[in-house]
1. Eigenvalues of the Cα gyration tensor times 5, then square-rooted: what semi-axes does that give for segment 93-188, in whole angstrom, largest first?
2. Would you calculate a helix-derived [θ] at 222 nm for the chain, using -39,500 (n - 2.57) for each DSSP H run of n ≥ 4 and dividing by the full residue count, to the nearest 500?
3. Report the relative contact order of the chain, percent, no decimals, based on alpha-carbon pairs under 8 angstrom and at least 6 residues apart.
4. Between residue 81 and residue 223, what is the label-to-label distance in nm when each label sits 7 Å out along the Cα-to-Cβ direction?
5. Output the Cα-based Rg and Dmax of segment 60-131 in Å, rounding Rg to one decimal and Dmax to a whole number.
6. How high is the FRET efficiency from residue 187 to residue 67, r the C-beta distance, R0 45 Å, rounded to 0.05?
7. For the Cα atoms of the chain, what angle does the longest principal axis make with the long axis of helix 221-232, in degrees from 0 to 90, nearest 10?
8. If packing is taken as the mean number of other Cβ atoms within 10 Å per residue, what is the order of 203-213, 61-71, highest first?
């Protein structure tokens, strides 16, 4: 039976370590922050292993974690080394993105593109998914990154989406995640972006007479079609009619 209770823990304010038994301690630092510490003997050496803050780890969870850690030590497993190895094995999205950027920037001749590639991820993706390991990132998390700019900055959103996909595909190729980027589901679940308004390219009005005169030097059906297009101000598809049919 542990020595600490939830009520007692709430009453503790003085800095120090408070034992629960079997090497588990509640530690309160000089600023009043409380966390769990497990003291163990591993290969003849004493180790203090952090089990998390009391804000996120309850007394019961701390006891369960302490028991599991002691079991690993009994089996000859070093829990500190194991945890370090796990953290190093799968990179976060931020770490993976920087690695991808380093690998690709040598092939990018445009310095502006080099900077923009990582800058867009730094601005829009890192605050949302930067600290997630790449194996944990699925469609909903990516959509959460894009939704705020999907309609207001459609071109930027498409670039961010493409670059997130590049990072996750790289992670899949490296064996850090089981599947490629789930971009198909992200696209299907996103609202339709507004179409960009624009005009077709046109010849300056003052240049048309000289162009028509030059065009007259050619002998071809194409010349007649272009002249008809200019004179009638109609669409090119409407000019493609059998010869001999009236245009009026």
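A short reminder: the numbers here are calculations on the coordinates, not readings from a lab. If you're wondering where the values come from, they're calculated on a predicted model, not measured in any experiment. Reconstructed Cβ throughout: ideal geometry from the backbone, glycine too, with neighbour counts over all protein chains shown.
1. 19, 18, 11
2. Working: 12 runs with 118 residues, N = 248.
Calculated at 222 nm, the ellipticity per residue is -14000 deg cm²/dmol.
3. Values: 219 pairs, mean separation 23.4, N = 248.
In percent, rounded to a whole number, it is 9.
4. If labels sit at residue 81 and residue 223, their model points lie 8.7 nm apart.
5. Final numbers for Rg and Dmax: 19.3, 56 Å.
6. Details: r = 46 Å, r/R0 = 1.02.
Calculated transfer efficiency: 0.45.
7. The answer is roughly 80 degrees.
8. Working: 203-213: 9.5, 61-71: 16.9.
Highest to lowest by the protection proxy: 61-71, 203-213.
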